[in-house]
Amino acid sequence: MTTRRHPGDIPLVFSEEVSEALHSGAPVVALESNVITHGLPYPDNAATARKVEAAVRAGGAVPATIGIENGGILVGMTDADIERFASTPGIPKVSSRDMPVVLARGGMGATTVASSVVAAELADIPFFASAGIGGVHRGAETTMDISSDLIQFTRSKVAVVCAGAKSILDLGLTMEFLETHCVPLVSYRFDDFPAFYCRTSGIRSPHRLDDEAVIARAIETHWALGNRSSFLVATPIKEADAIDSREVDAAIADAMVAAERDGVRGNGLTKYLMRAVDKVTEGRSAKANMSVLISTAELAGRLALAHARLRAEGLPAGTPAPEGGR
Ligand code: PSU
Ligand code: MN
């Protein structure tokens, strides 16, 4: 482990491998840890975290699983770190606004998409992968429940690869939010915005791109235009692992009623709804979950590789020369 002091005095604790990769300009993909601590029971969660890291490697990049411990941000977990995060009970879910408190207080924290993206940007890691992002919740017009993930996307220069979002959310409103806040969204080799367990949300994606090098160029161009926000790339679940949307919708409708009855709201709602859907869809949702965790991580690895090549090569062909004029 090597520790480096950030100018803002946030200790970033890099794993040896991630530190070396970043120094040499090799592609790195950041990963969240909330999915480890709150997604699955031990030891399945540890096995899954390792498989997700392997998928990033298969794509051609180095995985950097993010977590909080002892007042510092882990950037890249060793096998022992993964084991500790997976097996320690009661690690709190830490989103962006919780970060300063947990960092100042000490102890462990499991990072969500939002807080992992904060960490990735601090560590100069331009890519992050998550199977499912948070979004605008159904009924948000009265509850105002909008995931901090979306707000963070408006503030952090990180490319986020995902399989869309679960339809426990209002996916139409989620896409409206992203459009309003100028966060680019591209579906990879697919026309629609995917819905995690299901291939499609029924909503067309604003853009489709089929070529990894073009996606890498679009991401760089977004930042070159002066934007300081994220860039979303969505890839749908494999056809064979997808779950029928009618089945998922019915499970969600029931879960929403149960959540209301049980008075579940705030940052516990996402996990509550996910668990309820998992229960109804039984083994297939676990299989679907694994499938999107792997496919998003693998694509993120490939895109990070294409992006690292682009940065190494400098201006791509077709970019006007600075002094050229017309
Ligand atoms: N959606 C999923 N799987 C997840 C989450 C969301 O399909 O694991 C987790 C992620 O960590 C995400 C967080 O960042 O929930 C969002 O929570 P909230 O809606 O409370 O912002
Ligand atoms: Mn919320």
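The values are calculated or read from the model by the stated rules, or taken from the named source; none is laboratory data. All of these numbers come straight from a predicted model, not from anything done at the bench. When we count neighbours, we look across all protein chains shown, and the Cβ atoms used for this are built from the backbone with ideal geometry, even at glycine. Side chains included, ligands, DNA and RNA excluded: accessible areas come from the protein's heavy atoms. Shrake-Rupley method; radii C 1.70, N 1.55, O 1.52, S 1.80 Å.
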Worksheet entry | Cα convex hull of segment 62-203, projected area averaged across orientations, nm² | 9.4
Worksheet item: Can you tell which of 206, 236, 27 shows the greatest fluctuation in a Gaussian network model of the chain with Cα springs below 10 Å?
Response: 206
Response to the item:
The FRET efficiency for residue 245 and residue 155, from their Cβ-Cβ distance with R0 = 35 Å and rounded to 0.05, is 0.65
Item to complete: Determine the order of 9, 81, 170, 124 by accessible area, beginning with the largest, at a probe radius of 1.4 Å.
Response: 124, 9, 170, 81
Practice prompt. Choose one answer from 121, 298, 260: the residue with the largest mean-square fluctuation in a GNM of the chain with alpha-carbon springs under 10 Å.
Written response: 260
Item to complete: Using only the alpha carbons, work out the radius of gyration and Dmax of the chain in angstrom.
Response: 19.0, 65
Worksheet entry | Separation in nanometres of the label points that stand 7 Å from Cα toward Cβ, at residue 253 and residue 58 | 3.7
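Would you please name the trypsin sites (Lys or Arg not before Pro) within segment 40-128 that are DSSP coil residues with at most 13 other C-beta atoms within 10 Å of their C-beta?
For trypsin sites (Lys or Arg not before Pro) across segment 40-128 that sit outside H, G, I, E and B with at most 13 neighbouring Cβ atoms in 10 Å, the list is empty.
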Practice prompt. Starting from segment 191-287, pick out the trypsin sites (Lys or Arg not before Pro) whose DSSP state is loop and whose Cβ has at most 14 other Cβ atoms within 10 Å.
Written response: 228, 238, 265
Worksheet, complete the sentence: Under a Gaussian network model of the chain whose springs join Cα atoms within less than 10 Å, the largest fluctuation of 213, 163, 61 belongs to 213
Worksheet item: Can you give the helix-only mean residue ellipticity at 222 nm for the chain, where every DSSP H stretch with n ≥ 4 adds -39500 (n - 2.57) and the sum goes over all residues, rounded to the nearest 500 deg cm²/dmol?
Response: -14500 deg cm²/dmol
Discussion item. Taking the Cα centre as origin and putting +1 on Lys and Arg beta-carbons and -1 on Asp and Glu beta-carbons, what dipole magnitude results for segment 173-326, to the nearest 20 debye?
Written reply: 300
Worksheet item: At a probe size of 1.4 Å, how large is the accessible area of residue 156, to the nearest 10 Å²?
Response: 0
Worksheet item: Give me the log10 of I(q) over I(0) for segment 120-241 at q = 0.18, 0.21, 0.23 Å⁻¹, as the Debye formula computes it from C-alpha points; what are the numbers?
Response: -0.92, -1.23, -1.43
Worksheet item: Roughly what would the spin-label model give for residue 204 and residue 312, points 7 Å off Cα along C-beta, in nm?
Response: 3.9
Response to the item:
Rounded to the nearest 5, the percent of antiparallel DSSP beta bridges in the chain equals 35
Worksheet item: For residue 38, what accessible area in Å² do you get when you roll a 1.4 Å probe over the heavy atoms of the protein chains, rounding to the nearest 10?
Response: 40
Worksheet item: Between residue 101 and residue 51, what FRET efficiency comes out of the Förster formula 1/(1 + (r/R0)^6) with R0 = 41 Å and r the beta carbon distance, rounded to 0.05?
Response: 0.80
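Divide the volume of the convex hull of the Cα atoms of segment 174-326 by its number of residues and quote the answer in cubic angstrom per residue.
Taking only Cα atoms, segment 174-326 has a hull volume of 142 Å³ per residue.
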Practice prompt. Name the helices (complete DSSP H segments) of the chain with a Cα length along the long axis of 27 Å or more and a Kyte-Doolittle mean of at least 0.0, or state none.
Written response: 283-313
